[in-house]
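To keep things clear, I will list the structure first and then write my remarks on it.
Where a number appears in this text, it was derived from the coordinates with a stated rule and is not lab data. On a predicted model such as this, the values are computed, not experimentally measured, just so you know. Cβ sites come from the backbone with ideal geometry, for glycine too, and all protein chains shown count toward neighbours.
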Amino acid sequence: MSYLSKIHGAIKFANSLQTVVVCLLNSTFYVAFCNLVFAEGSLLHVSTYTVTLMGKYLCYALLALAVDLVWGYCGILSLGHGAFFALGGYAMGMYLMRQIGDRGVYGNPELPDFMVFLNWDSLPWYWLGSDSFLWMVVMVFVGPGLLAFVFGSMAFRSRVSGVYLSIMTQAMTYALLLSFFRNEMGFGGNNGLTDFKEILGYSLQADNTRVVLFAMTALALGLGFWISHYIVNSKMGRVLVSIRDAESRVRFIGYKPEHYKVCIFVISAMFAGVAGALYVPQVGIINPGEFSPLNSIEIVVWVAIGGRGSLYGALIGAIIVSYAKTRLTAVMPEAWLYALGGLFVLVTLLLPKGIAGLLPSLQGQLFKSRQPAVGQSPKEVKS
């Protein structure tokens with residue numbers, strides 16, 4: 001095998017499904033094992049706070065993966081994916097609120113505390129069935145998916161694209177932000193949904209429950225990555241890339257780009273909804289602030305820094321930026337936005353393909369340094 005083939009194989013391996021899955025499995029097992037087996041005070045112990053924090057990062061990674069799927073491979077720059085994330089979170093929040101029962105402040109077994117405070121007599125029709133786990137799972141997919149289908153059908157069939165589409169997605173999430181802030185909507189208004197007690201009968205404060213939620217998030221991320229990997233390497237994926245690069249040519253040869261756009265937009269929205277549903281029980285609250293357009297812009301920054309159009313780059317960007325935000329906001333909260341903006345500018349100028357674009361270059365240089373010179377045998381290189 002030639003050295004060029006080895007370089008190509010190494011680059012392909014770095015971007016492979018197996019690499020991401022193995023890393024997720026190993027890290028999940030290590031964190032769960034160290035949290036449950038080693039006692040507090042041990043050097044190998046991983047605190048429950050760290051488990052929850054890592055679970056939140058994995059939720060963000062799944063959300064970034066959803067954005068990379070539509071932006072990196074189809075050229076749809078969505079500045080409204082925070083809306084799909086929040087809708088999935090609210091579906092989970094509604095279920096968790098119903099699980100509180102008569103343990104709330106007002107002791108009403110049917111109505112959440114905020115409805116009792118607002119003198120509501122009964123549950124709104126859209127809350128019916130929210131005490132069922134199956135209903136919640138269905139709504140996590142149906143809510144974001146239906147919104148993405150309606151919005152995408154109108155926008156893509158009208159051939160709205162580029163910056164105009166981005167502005168429309170941002171307007172969509174801002175409209176939802178204003179709507180959910182109103183008490184009349186029946187979702188807790190400005191305070192949102194919080195004070196959750198349990199999920200499926202298990203306390204959300206228990207260490208074991210936190211570990212299981214973390215493991216479920218890692219499983220969802222691995223499954224989402226596998227589905228995305230399958231899509232982008234299929235015929236549909238090749239059509240999506242063609243739409244991104246030359247939509248008019250794709251339409252000229254007989255394809256209907258709007259159908260592919262709507263399909264991938266709905267799939268991406270469902271990914272974001274699942275991320276939001278897993279995020280809420282680990283963080284313990286969901287409020288209208290999750291609809292903020294700034295949150296959606298931050299997601300795009302994650303993908304840009306990690307490297308769009310690579311899938312695994314979106315995961316890297318979300319985790320690294322989220323970790324940096326956690327560390328920096330604890331030291332200098334007011335400096336975080338400046339640091340994020342500076343990092344985005346630096347990556348755009350120096351690493352246009354993001355961190356994911358840097359890794360193959362480093363691997364290529366590593367293998368190139370081991371390639372034999374003219375007249376030099378491979379044995380001499382090893383020595």
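Kindly write out, for the range 56-68 in residue order, the coupling ³J(HN,Hα) from the Karplus curve 6.51 cos²θ - 1.76 cosθ + 1.60 (θ = phi - 60°), rounded to whole Hz, with x marking Gly and Pro.
Coupling constants for the range 56-68: 5, 4, 5, 4, 5, 5, 5, 5, 5, 4, 4, 5, 5 Hz.
Hey, what angle do you get for helix 3-14 against the long axis of the chain, alpha-carbon based, 0 to 90 degrees rounded to 10?
It is inclined by approximately 0 degrees.
Longest segment of the chain with no GluC sites (Glu not before Pro) in a DSSP loop having at most 14 other Cβ atoms within 10 Å?
So the longest stretch without any such site is 111-383.
Enumerate the calculated ³J(HN,Hα) couplings along the range 245-250 in order (Karplus 6.51 cos²θ - 1.76 cosθ + 1.60, θ = phi - 60°), each rounded to whole Hz, writing x wherever the residue is Gly or Pro.
8, 7, 5, 5, 5, 4
Here is the link list: Lys235/Lys325; Lys197/Lys325; Lys261/Lys325. Which ones come out longer than 31 Å on Cα distance? Please report the intermediate quantities before stating the final value.
On the way: Lys235/Lys325 38 Å; Lys197/Lys325 28 Å; Lys261/Lys325 33 Å.
Lys235/Lys325; Lys261/Lys325, as the Cα separations exceed 31 Å there.
Can you quote the Å³ per residue value for the convex hull of the Cα atoms in the range 268-359, rounded to an integer?
Dividing the Cα hull volume of the range 268-359 by its residue count gives 113 Å³.
Roughly how big is the range 156-309's charge dipole about its Cα centre, with Cβ charges of +1 (Lys, Arg) and -1 (Asp, Glu), in debye to the nearest 20?
860 debye
What angle, in degrees between 0 and 90 and rounded to the nearest 10, separates the Cα long axis of helix 81-98 from the longest principal axis of the Cα atoms of the chain?
40 degrees
DSSP loop chymotrypsin sites (Phe, Trp or Tyr not before Pro) in the range 74-170 with at most 16 other Cβ atoms within 10 Å of their Cβ, which ones?
Details: sites: Phe84, Phe85, Tyr90, Tyr95, Tyr106, Phe114, Phe117, Trp120, Trp125, Tyr126, Trp127, Phe133, Trp135, Phe141, Phe149, Phe151, Phe156, Tyr164; in loops: Tyr106, Trp120.
In loop regions of the range 74-170 (DSSP not H, G, I, E or B), the sparsely surrounded chymotrypsin sites (Phe, Trp or Tyr not before Pro) are Tyr106, Trp120.
Grab the alpha carbons of the range 205-340, take their convex hull, and tell me the volume per residue in Å³.
Roughly 131 Å³ of hull volume per residue.
Pairwise over distinct Cα atoms, reciprocal of the mean inverse distance: report the Kirkwood radius of the range 66-113 in Å, one decimal place.
Result for the range 66-113, one decimal place: 13.0 Å.
What number, in nm² with one decimal, is the all-direction average of the projected area of the convex hull of the alpha-carbon atoms of the range 175-284? Don't skip to the end; give the middle numbers.
Working: hull surface 38.9 nm².
With the hull built on Cα positions only, its mean projection is 9.7 nm².
Roughly what would the spin-label model give for Tyr30 and Asn233, points 7 Å off Cα along C-beta, in nm?
2.5 nm
Which value results when the Cα radius of gyration for the range 16-147 is divided by 2.2 N^0.38 Å?
1.39
What number comes out for the charge environment of Leu240, summing +1 per Lys or Arg and -1 per Asp or Glu over other residues with Cβ under 15 Å away?
+4
Toward the positive end of the charge dipole of the chain, about the Cα centre and with charges on Cβ (Lys, Arg +1; Asp, Glu -1), which of Tyr323, Ile264, Thr50 goes farthest?
Ile264
What FRET efficiency, computed as 1/(1 + (r/R0)^6) with R0 = 51 Å and r the Cβ-Cβ distance, is obtained for Val331 and Asp121, rounded to the nearest 0.05?
Approximately 0.55, to the nearest 0.05.
Please go through the range 299-344 and write out the trypsin sites (Lys or Arg not before Pro) that DSSP classes as loop and that have at most 11 other C-beta atoms within 10 Å.
none
Rg and Dmax of the range 77-153, using alpha carbons, in Å: what are they?
Rg then Dmax for the range 77-153, in Å: 14.5, 46.
Along its three principal axes, how long is the range 73-221 when you only count alpha carbons? Whole Å, largest extent first please.
The Cα atoms of the range 73-221 stretch 52, 39, 22 Å along their principal axes.
Out of Gln205, Gln282, Gln170, any idea which swings most in a Gaussian network model of the chain, alpha carbons joined below 10 Å?
Top of the fluctuation ranking is Gln205.
Pull up all non-local amide H partners of Glu198: gap of 5 or more, or a different chain, and H-to-H distance under 5 Å with H placed in the peptide plane.
Result for Glu198 returns Leu204.
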